[in-house]
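J.: Pasting in a structure now, in structure tokens, and then I'll have a few things to ask.
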Amino acid sequence: MSDNELPLTYRQFSSRFPDVVNAHSALGEATADAGPLDEKTRSLVSLGICLGAGLESAAKSHVRRAIEAGATREELEHAAILGIGTVGFSRSVMTWMWIRDALED
């Protein structure tokens with residue numbers, strides 16, 4: 001993803017606080033390297049965490065990352081459906097809508 005495709009708020013924050021963004025990126029790399037999960041699986045897990053926490057922007061970001069890592073629409077939708085038993089129907093449908101929105105962008 002090019003810098004121009006990143007959300008405006010993220011670009012503005014990055015410009016104002018580059019050291020914070022660099023530290024956050026380094027933490028992301030360290031957590032990714034901490035275990036055996038591949039990139040697609042990590043993105044799907046992260047999407048599930050966003051579902052539980054109700055984090056729309058982060059969920060859409062992880063949808064894009066999962067697609068780049070080879071995830072299918074069906075896998076993304078399944079990740080949203082899996083939340084029904086844990087966090088409820090409404091939150092899962094909301095996440096499914098975020099997935100649709102991210103795929104349409």
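Computed from the coordinates by the stated procedures, all read-outs in this text should not be read as laboratory data. Keep in mind that what you see is a predicted model, and the values were worked out from it rather than measured. Neighbour counts run over all protein chains shown; Cβ positions are idealised from the backbone, glycine included.
J.: Treating only the Cβ atoms of Lys and Arg (+1) and Asp and Glu (-1) as charged, compute the dipole magnitude of the chain about its Cα centre; round to the nearest 20 debye.
T.: Using only the charged Cβ atoms, the result is roughly 280 debye.
J.: Counting other C-beta atoms within 10 Å, which of 84, 67 has the fewest, and how do the rest follow? Intermediate values should be presented prior to the final figure.
T.: Working: 84 14, 67 18.
Arranged by neighbour count, lowest to highest, 84, 67 become 84, 67.
J.: Something else about it: For the chain, restrict the atom set to alpha-carbon positions and state the Rg and Dmax in Å.
T.: That works out to 14.2, 41 Å for Rg and Dmax.
J.: Can you compute the label reach from residue 84? Point 7 Å from Cα along the Cβ direction, backbone N cut-off under 20 Å, restricted to segment 47-71.
T.: Label zone hits: 47-54.
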